[in-house]
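Undergrad: Quick one: the structure is below, and I'll ask about it shortly.
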């Protein structure tokens, strides 16, 4: 019996033919409901046609799509396991045979009843073309490390920005929501981990949209054609000192010759916050803090009296209705903090359960062989989850991309994009809000007093304390002129211009409260209202002039060369002004503010501003050579100059080279190509410089100026100036050297493809602290280029795609990446472990090893008694049952941190690392008979995290009541008092709460969090109506979909925190504006 296993693999690859006939005579469109129920009869075919489909080696091909075209009617089948098919067709019909990896062919039926065909391999289809720096290359000929994402990742996912759709898609492209889910918050992006720790240096990837530096958050995701991520020096070095840590190349859609194609799609979204903390109920909250006070030696019922505790319980049981007590029988009420007995979860109060958003996208493209166009417009309206005050954003985008072939040798193109983002939030919506909501919004505190007046000042802040608005506007304009004097040689000129403005308005209004005495007063810390306005504008120019040449010699030697010049300049201006004394709260402006404070004193407005610029220039070149696509060589060079450095050290030379060996093209490998179609080895090395510093002129400084407040001259405060800080005149480039080796594979007619890369990236001469000089210098020592680090890691990408005999297309994509960064040089003579030091891995967490929580006083006494040289007294006193027992790792008879140095770190050890490791993405998609499905998981498989704030511990052991909280989960604390209403809890997670010492809250192994997670980022189901139904209405394609985002999270992290936002906020409390779970539905219609 013949072995059909290899054909079965082909069967798993086949994809149904996508019918592309355009409806020539469009008819008026009726309502969508009619489209859903409308049906037509299918014209009966005359003849039964059968046949066999084979490959060019005579082997049967299962899974081939066989489609019949008769006028506007379309039907089809798929060949069986033996490559055979049978269908009905009229004599004037055309049958089209198509199969992935092979060239499609058409056959006229005529009078034939048997039609056998042979399909030839389509090498063009197998050799994907990808966008690289200043051009394109066949993927089969790439020698650098490049990953590509096509438009499907963006078209099918209803996301607010392109970065959300990219997360987890590209191995080595790390995207973090460190700033939370606020509407105006942007995710951070890096390629291959930490690039630099230099003072004032940035390790961000270079983002280019259609070849021009741009904000990736400003591009409409629906306009994206593809994204290429250039990860190693060989791939990115053509961009020089702007791209030492990778490049993200975004290519937008362009017009295609043919009849105008109109597309409209929308999505309607319902979102709710995830991982929201919840406050304990008031009764448990009060008991928690009473126990914390008692444990701190403050006596019983120190926070809530027995009388008030009973009142809280009665209110929760519905026995009483008032939320605080009256004062002396009057119509005034006691302070809500001191006497309140309400039961409010302020997190639920401040944040909505559901918010709405909607997006609409319209595009049209078409043209002739001489001129093509693509036009689009997009509108996105989002509500934020904050309930108090206004919280929303709006985005407007428009683009026009036009290309014209002026003559045989000359072409011209124009690309215009306009983007505007508007954000509105309450003025008090900031990091301190998330700090205050945890520590000051006690559930016992009433929202209103019985007279209906607001008690809570935080609610008043959000509702009545003013609002802030931001408007960001971008205008991008690009022109490209290409001249091709002879075939294979082109002269290219690019001119790009970007204009960006950012305007912000913030009004701070006074807040009045009715005090316990019944008197209305302005809150003391907001007694002066004010208006602040800021404006920022930048002009960016970029010119690229280059030429490229491509030719194949003797049918075997393929040469491609590129040389050019780039210059860019960025000018920007900013101004900020603030004035107090708002006269009209309904329309607060600087002009209508008085400048007079609450005491009648005239206060001059605060005004500041600046004007800066930077520029670069560079010469670049690249040569590619391959012999029969087997042996591949690429060399790049860049000679760059930057205005950030002094003239004698302004220019740097940065070369790179890469090699490739496509083993699958070798003659000796041909017998294996029936199974393995691609086997390519790659290696590269490159050197780059980093000029991306926050300081535009790091080797210069200016004298400080101001007005003296210590003496008068002729009754006037004199202007003064003072000596500036020292600078290092020889500060120069950070130097980045990258090694990369990789392998690309393709098996079973490229149904299974994959790549693996291993890299080492050394960043040398980063700006770090200099060694200290004698104090007689009298001024701080300036930094110098004296710091190095090494980042090493690997990336894996696998993809399987196929088609079953029943017509089911499916694909599974898996990505996994890991990297670690080690400091190899740093000036830290004392060896302090809280700073960088040579040999340190970034993200190290030092802490104590926990033995456990002492269940009894005797157990604790025994433990402390075993520590003969001081016990645990270095951490605190009065050790009792419920306290932590730490391990004496250095066996010196005491628990301490020594000098917190490498030589003397006491009982501290490295207990974890906060760097995200093993970042993974799993993307499963399928389609069958018009239905499509996608499920995408993203996560981090290894990450440690320690959180020392009150959000984690509840009771803050070092700052008392006012910087403490009690959330659901904090009730699992140690209790050994049998009379406690909450019961005994000897096997608790948390130690006994304390308010006067943090001895139990030291960084330690017991409370080191496992922050690894897997999250179902997207789940989507869609249905495309059959074309035979919609084409009668003049519609080419109609698809409906339903989608969910952030649907499920698997993690061991405590429930107060979201694993994606744990580094949020300047208060380091691990909590920020929550991410959202989003459900969306919409349609995509093409005419």
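The values are calculated or read from the model by the stated rules, or taken from the named source; none is laboratory data. All values derive from a computational prediction rather than experimental measurement. Using ideal geometry, Cβ is built from the backbone for each residue, glycine included, and neighbour counts are taken over all protein chains shown.
Undergrad: Going by what's in this entry, would residue 1073 be described as in a loop (DSSP other than H, G, I, E, B), in contact with a helix residue (DSSP H, G or I) (Cβ under 9 Å, 6 or more places away or on another chain), over 30 Å from residue 300 (Cα atoms) and touching a residue at least 40 places away in the same chain (Cβ under 8 Å)? First the steps, then the outcome.
TA: Details: in a loop (DSSP other than H, G, I, E, B): yes; in contact with a helix residue (DSSP H, G or I) (Cβ under 9 Å, 6 or more places away or on another chain): yes; over 30 Å from residue 300 (Cα atoms): yes; touching a residue at least 40 places away in the same chain (Cβ under 8 Å): yes.
Spelling it out, residue 1073 is indeed in a loop (DSSP other than H, G, I, E, B), in contact with a helix residue (DSSP H, G or I) (Cβ under 9 Å, 6 or more places away or on another chain), over 30 Å from residue 300 (Cα atoms) and touching a residue at least 40 places away in the same chain (Cβ under 8 Å).
Undergrad: Is it the case that region 189-198 has a residue that's in contact with a helix residue (DSSP H, G or I) (Cβ under 7 Å, 6 or more places away or on another chain) and either under 27 Å from residue 420 (Cα atoms) or surrounded by fewer than 19 Cβ atoms within 10 Å (Cβ to Cβ) (or both)? Show your work before the answer.
TA: First pass over region 189-198, keeping only residues in contact with a helix residue (DSSP H, G or I) (Cβ under 7 Å, 6 or more places away or on another chain): 189.
If we keep only those that are either under 27 Å from residue 420 (Cα atoms) or surrounded by fewer than 19 Cβ atoms within 10 Å (Cβ to Cβ) (or both) too, we end up with 189.
Looking for residues that are in contact with a helix residue (DSSP H, G or I) (Cβ under 7 Å, 6 or more places away or on another chain) and either under 27 Å from residue 420 (Cα atoms) or surrounded by fewer than 19 Cβ atoms within 10 Å (Cβ to Cβ) (or both), one finds at least one in region 189-198, hence yes.
Undergrad: Tell me which residues, restricted to region 747-763, are more than 29 Å from the chain's Cα centre (by Cα) and not in a loop (DSSP other than H, G, I, E, B).
TA: Filtering region 747-763 down to residues more than 29 Å from the chain's Cα centre (by Cα) leaves 747-751.
Answer for region 747-763, where residues must be more than 29 Å from the chain's Cα centre (by Cα) and not in a loop (DSSP other than H, G, I, E, B): just 747.
Undergrad: Can you name the number of the only condition in (1) within 30 Å of residue 696 (Cα to Cα); (2) more than 34 Å from the chain's Cα centre (by Cα) that residue 557 fails?
TA: Result: residue 557 fails condition (1) only.
Undergrad: Still on this structure, please answer the following. Do the conditions hold for residue 819, that is, is it closer than 29 Å to residue 924 by Cα and under 30 Å from the mean Cα position of the chain (by Cα)? Talk me through it step by step, then tell me what you get.
TA: On the way: closer than 29 Å to residue 924 by Cα: yes; under 30 Å from the mean Cα position of the chain (by Cα): yes.
Answer is yes for this residue.
Undergrad: Return yes or no: is residue 174 under 30 Å from residue 728 (Cα atoms), assigned by TED's automatic domain parsing to the domain that holds residue 219 and not in a loop (DSSP other than H, G, I, E, B)? Explain how you work it out, then say what you get.
TA: Details: under 30 Å from residue 728 (Cα atoms): no; assigned by TED's automatic domain parsing to the domain that holds residue 219: yes; not in a loop (DSSP other than H, G, I, E, B): yes.
Spelling it out, it is not the case that residue 174 is under 30 Å from residue 728 (Cα atoms), assigned by TED's automatic domain parsing to the domain that holds residue 219 and not in a loop (DSSP other than H, G, I, E, B).
The rows are residues; the columns are (1) in a loop (DSSP other than H, G, I, E, B); (2) more than 36 Å from the chain's Cα centre (by Cα); (3) within 30 Å of residue 644 (Cβ to Cβ); (4) free of Cβ contacts under 8 Å to residues at least 60 places away in the same chain.
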| position | (1), (2), (3), (4) |
| --- | --- |
| 574 | no, no, yes, yes |
| 579 | no, yes, no, yes |
| 589 | yes, no, no, yes |
| 598 | yes, yes, no, no |
| 604 | yes, yes, no, yes |
| 609 | no, no, yes, yes |
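Undergrad: Continuing with the same structure: Give the residue, chosen from 870, 847, 882, that is at pLDDT 95 or above, more than 30 Å from residue 827 (Cβ to Cβ) and in contact with a strand residue (DSSP E or B) (Cβ under 9 Å, 6 or more places away or on another chain).
TA: On the way: 870 fails: at pLDDT 95 or above; 847 fails: more than 30 Å from residue 827 (Cβ to Cβ).
On inspection, the qualifying residue turns out to be 882.
Undergrad: Please pick out the residue among 736, 823, 743, 779 that is in contact (Cβ under 8 Å) with a residue 12 or more places away in the chain, surrounded by fewer than 20 Cβ atoms within 10 Å (Cβ to Cβ) and assigned to a strand (DSSP E or B). Steps first, answer last, please.
TA: Details: 736 fails: surrounded by fewer than 20 Cβ atoms within 10 Å (Cβ to Cβ); 823 fails: surrounded by fewer than 20 Cβ atoms within 10 Å (Cβ to Cβ); 779 fails: assigned to a strand (DSSP E or B).
The match here is 743.
Undergrad: Which one of these is modelled with pLDDT under 90 and touching a strand residue (DSSP E or B) at 6+ places or on another chain (Cβ under 7 Å): 651, 722?
TA: Values: 651 fails: modelled with pLDDT under 90.
Sole residue among the options that is modelled with pLDDT under 90 and touching a strand residue (DSSP E or B) at 6+ places or on another chain (Cβ under 7 Å): 722.
Undergrad: Tell me, please, whether a residue that is touching a helix residue (DSSP H, G or I) at 6+ places or on another chain (Cβ under 9 Å), modelled with pLDDT under 95, farther than 19 Å from residue 296 by Cβ and assigned to a loop (DSSP other than H, G, I, E, B) can be found in region 947-961.
TA: Scanning region 947-961, I find at least one residue that is touching a helix residue (DSSP H, G or I) at 6+ places or on another chain (Cβ under 9 Å), modelled with pLDDT under 95, farther than 19 Å from residue 296 by Cβ and assigned to a loop (DSSP other than H, G, I, E, B), so the answer is yes.
Undergrad: Do you know which of the residues in region 483-530 that are part of a loop (DSSP other than H, G, I, E, B) and at pLDDT 80 or above is surrounded by the fewest Cβ atoms within 10 Å (Cβ to Cβ)?
TA: Of the residues in region 483-530, the ones part of a loop (DSSP other than H, G, I, E, B) are 487-488, 509-511, 515-519, 523, 527-529.
So of that shortlist, the ones also at pLDDT 80 or above come out as 487-488, 509-511, 527-529.
Numbers: 487: 9, 488: 13, 509: 19, 510: 17, 511: 21, 527: 14, 528: 16, 529: 24.
By that ranking, first place goes to 487.
Undergrad: Within the group 878, 927, 892, 883, which residue is surrounded by fewer than 18 Cβ atoms within 10 Å (Cβ to Cβ) and either at positive phi or touching a residue at least 40 places away in the same chain (Cβ under 8 Å) (or both)?
TA: Every option except 878 fails the conditions.
Undergrad: A follow-up question, please. In region 1009-1037, what residues are part of a strand (DSSP E or B) and under 30 Å from residue 913 (Cα atoms)? Working first, answer last.
TA: Residues of region 1009-1037 part of a strand (DSSP E or B): 1009-1010, 1013-1024, 1037.
Within region 1009-1037, 1009, 1010, 1013, 1014, 1015, 1016, 1017, 1018 meet the criteria.
Undergrad: Would you tally the residues in region 250-284 being out of contact with any helix residue (DSSP H, G or I) (no Cβ under 6 Å at 6 or more places or on another chain) and under 30 Å from residue 1036 (Cβ atoms)?
TA: 19
Undergrad: Closer than 30 Å to residue 654 by Cβ, at pLDDT 90 or above and surrounded by fewer than 13 Cβ atoms within 10 Å (Cβ to Cβ): is that true of residue 624 in this structure?
TA: Judged against the criteria, residue 624 is not a match.
Undergrad: Among the residues of region 1039-1051, is any in a loop (DSSP other than H, G, I, E, B) and at negative phi? Quick ask: steps written out before the conclusion?
TA: Kept after step one, since they are in a loop (DSSP other than H, G, I, E, B), are these residues of region 1039-1051: none.
The answer is no; no qualifying residue exists.
Undergrad: Going by the structure shown, is residue 130 over 17 Å from the mean Cα position of the chain (by Cα), surrounded by 15 or more Cβ atoms within 10 Å (Cβ to Cβ), assigned to a strand (DSSP E or B) and in contact (Cβ under 8 Å) with a residue 40 or more places away in the chain? Outline the logic, then answer.
TA: Details: over 17 Å from the mean Cα position of the chain (by Cα): yes; surrounded by 15 or more Cβ atoms within 10 Å (Cβ to Cβ): yes; assigned to a strand (DSSP E or B): yes; in contact (Cβ under 8 Å) with a residue 40 or more places away in the chain: yes.
Considered against the rule, which asks whether it is over 17 Å from the mean Cα position of the chain (by Cα), surrounded by 15 or more Cβ atoms within 10 Å (Cβ to Cβ), assigned to a strand (DSSP E or B) and in contact (Cβ under 8 Å) with a residue 40 or more places away in the chain, residue 130 comes out as yes.
Here is a yes/no grid of residues against (1) out of contact with any strand residue (DSSP E or B) (no Cβ under 8 Å at 6 or more places or on another chain); (2) touching a residue at least 40 places away in the same chain (Cβ under 8 Å); (3) buried (at least 22 other Cβ atoms within 10 Å of the Cβ):
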residue: 121; (1), (2), (3): no, yes, no
residue: 143; (1), (2), (3): no, yes, yes
residue: 154; (1), (2), (3): no, yes, yes
residue: 185; (1), (2), (3): yes, yes, no
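Undergrad: Right, here's the next one. Check whether at least one residue in region 906-914 is in contact (Cβ under 8 Å) with a residue 24 or more places away in the chain, under 30 Å from residue 158 (Cβ atoms), buried (at least 19 other Cβ atoms within 10 Å of the Cβ) and under 32 Å from the mean Cα position of the chain (by Cα), and report yes or no.
TA: no
Undergrad: Can you confirm whether region 998-1019 contains a residue that is touching a strand residue (DSSP E or B) at 6+ places or on another chain (Cβ under 6 Å) and at positive phi? Walk me through how you get there before you give the answer.
TA: Filtering region 998-1019 down to residues touching a strand residue (DSSP E or B) at 6+ places or on another chain (Cβ under 6 Å) leaves 1000, 1002-1006, 1008-1009, 1011-1019.
From the residues that got through so far, the ones that are at positive phi too are none.
Within region 998-1019, none of the residues are touching a strand residue (DSSP E or B) at 6+ places or on another chain (Cβ under 6 Å) and at positive phi.
This table checks each residue for (1) more than 35 Å from the chain's Cα centre (by Cα); (2) touching a residue at least 60 places away in the same chain (Cβ under 8 Å).
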| residue | (1), (2) |
| --- | --- |
| 634 | no, yes |
| 652 | no, yes |
| 659 | no, yes |
| 675 | yes, yes |
| 704 | yes, no |
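Undergrad: A follow-up question, please. Is it fair to say residue 478 is touching a residue at least 12 places away in the same chain (Cβ under 8 Å) and outside any strand (DSSP E or B)?
TA: Working: touching a residue at least 12 places away in the same chain (Cβ under 8 Å): yes; outside any strand (DSSP E or B): no.
For residue 478, the condition - touching a residue at least 12 places away in the same chain (Cβ under 8 Å) and outside any strand (DSSP E or B) - is not met.
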